[in-house]
Amino acid sequence: MRVLVVEDEKKVANFIKRGLEEESFTVDVAQDGEEGLSLGGQNFYDVIIMDVMLPKMDGLAVIKALREKDVRTPVLCLTAKDTVEDIVSGLDSGSDDYLTKPFAFAELLARLRALIRRGAQERGAELTFADLRLDPVSHRVWRSEKEIELTAKEYGLLEYFMRNPNQVLTRTQIAEHVWDYTFDSFTNIIDVYVNYLRKKVDRDYDKKLIHTVRGVGYVLQED
Ligand code: CA
């Protein structure tokens, strides 16, 4: 589970990060609204924790901008002011739940788990692209109604392609999303896995779906 924490107070951000990492979450921290918008728009997260009072851009404006970019990730808003207006405007801007500071970690965790469950149900719908079909609940994949057996990593890679069709995905984006690593030497492994995936998805079919964009990365597209 991957979480983005947008929080400028280092103490609070570290408290959340440490606690979530102990629960086996992968956590990215953004220290201001602009950074939050940039990370939230680039990467896939299962849930976002958003402080309201942030430098550069406030949390509600970030949520609104993310929703305009069609980022549907569930958002838990943190607010220091428990006024009704704050909460109402938070929910209006597209946040899914809120928590008033200070909060107990157990409460934060319970709210996050509920949001992740809800998000997963909403994402549970089958993905299709050309004659490919992927079921995110059972992790099964078919091409032309023939089932394809994939390893967990191959599945993760294909799901990432299918959630971002017709978009060139760089090796860095793929590394960050599917492996949670960013270092450069890793990119060879991505090429290896893309080739494994191609053998299973494309080799036996005339129409190839996974294409190399030389010097940039890969794209899932029909021609
Ligand atoms: Ca703050």
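We did not get these values from a lab; they are worked out from the coordinates using the rules stated. Small disclaimer: the values here were computed from a predicted structure and weren't measured. Neighbour counts are summed over all protein chains in view; Cβ atoms, including those assigned to glycine, are modelled from backbone coordinates with ideal geometry.
Could you bin all the Cα-Cα distances of the chain into 5 Å bins starting at 0 and give me the percent of pairs in each, rounded to whole numbers?
1, 6, 14, 17, 17, 14, 11, 9, 6, 3, 1, 0, 0
Quick one: among V62, V168, V75, which has the greatest mean-square fluctuation in a GNM of the chain with alpha-carbon springs under 10 angstrom?
Its mean-square fluctuation being the largest, the pick is V168.
Per the Kirkwood definition applied to all pairs of different Cα atoms, how many angstroms is the hydrodynamic radius of the range 34-78?
Working: mean 1/r = 0.0972 Å⁻¹.
For the range 34-78, the Kirkwood estimate is 10.3 Å.
Counting only residues 5 or more places away or on other chains, whose amide H sits under 5 Å from the amide H of V29 once H atoms are built in the peptide plane?
Hits under the 5 Å cutoff: V5.
Which residue, chosen from N43, I174, V29, occupies the Cα position most advanced towards the positive end of the dipole of the chain, where the dipole is computed from +1 (Lys, Arg) and -1 (Asp, Glu) charges on Cβ about the Cα centre?
I174
Describe numerically, in nm with one decimal, the distance between label points set 7 Å from Cα along Cα→Cβ at A106 and at D131.
Label at A106, label at D131, 5.5 nm between them.
Pairs to check: K17/K101; K10/K153; K64/K101; K10/K56; K146/K208. Give those whose C-alpha atoms are more than 27 Å from each other in this structure.
Beyond 27 Å: K10/K153.
Describe numerically, in nm with one decimal, the distance between label points set 7 Å from Cα along Cα→Cβ at V192 and at M57.
Each label point lies 7 Å from its Cα, and together they span 3.8 nm.
Using only helices, what value at 222 nm comes out for the chain when you add -39,500 (n - 2.57) per DSSP H run of length 4 or more and divide by the total residues, to the nearest 500 deg cm²/dmol?
Mean residue ellipticity at 222 nm (helix-derived): -12500 deg cm²/dmol.
Could you give each residue of the range 10-21 its phi-based ³J(HN,Hα) in whole Hz, using Karplus coefficients 6.51, -1.76, 1.60 with θ = phi - 60°, and x for Gly or Pro?
Each residue's phi maps through the Karplus curve to give 4, 4, 5, 4, 5, 4, 5, 4, 4, x, 6, 5 Hz.
Using the beta-carbon distance between R117 and E145 and R0 = 35 Å, what value does 1/(1 + (r/R0)^6) give for FRET efficiency, to the nearest 0.05?
The calculated FRET efficiency here is 0.70.
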